[in-house]
């Protein structure tokens, strides 16, 4: 009972109560030009880095260059940097033009290391 009172005082929604968030997903690229060259190297995609404001499942919205907010009850299916990493790996794999593609967690012995930084990943609106 004390936990319920504390949750109510802090305006925290208990699991199973309140409105559910909508989940949104992005899909990897799946079509490529016919003349895309095949390469003989292996690609390792390192974990994507991002500022704290984007390192979340929440969908960011920017009203100006200095103001970042989030859509209410709207989330990505994963943290934005993790989702972008997965999309890059799957898109490179879908090309069928690279011998092997993987992320740093799988221990692939690669020839090429791709390091990425997610600087902006938001909807932009004027108020």
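The values are calculated or read from the model by the stated rules, or taken from the named source; none is laboratory data. All figures in this text were calculated on a predicted structure; none of them were measured in a lab. Cβ: placed from backbone, ideal geometry, glycine included. Neighbour counts: every protein chain shown.
Below are the figures for this structure:
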| item | result |
| --- | --- |
| Selection status of residue 111, under 19 Å from the mean Cα position of the chain (by Cα) and either modelled with pLDDT of 95 or more or under 30 Å from residue 34 (Cβ atoms) (or both) | no |
| Residue selected from segment 34-48 under the condition out of contact with any helix residue (DSSP H, G or I) (no Cβ under 7 Å at 6 or more places or on another chain) and touching a residue at least 40 places away in the same chain (Cβ under 8 Å), by the criterion nearest to residue 110 (Cα to Cα) | 42 |
| Residue, nearest to residue 43 (Cα to Cα), within segment 65-86, restricted to residues that are outside any helix (DSSP H, G or I) and in contact (Cβ under 8 Å) with a residue 24 or more places away in the chain | 79 |
| Given (1) modelled with pLDDT under 95; (2) not in a helix (DSSP H, G or I), index of the condition residue 3 fails | (2) |
| Residues of segment 41-64 satisfying the condition of being assigned to a strand (DSSP E or B) and surrounded by 15 or more Cβ atoms within 10 Å (Cβ to Cβ) | 42, 43, 44, 45, 58, 59, 60, 61, 62 |
| Identity of the residue in segment 14-33, touching a helix residue (DSSP H, G or I) at 6+ places or on another chain (Cβ under 7 Å) and at pLDDT 95 or above, that ends up nearest to residue 70 (Cα to Cα) | 26 |
| Hits in segment 87-113 (condition: buried (at least 16 other Cβ atoms within 10 Å of the Cβ) and part of a strand (DSSP E or B)) | 101, 102, 103 |
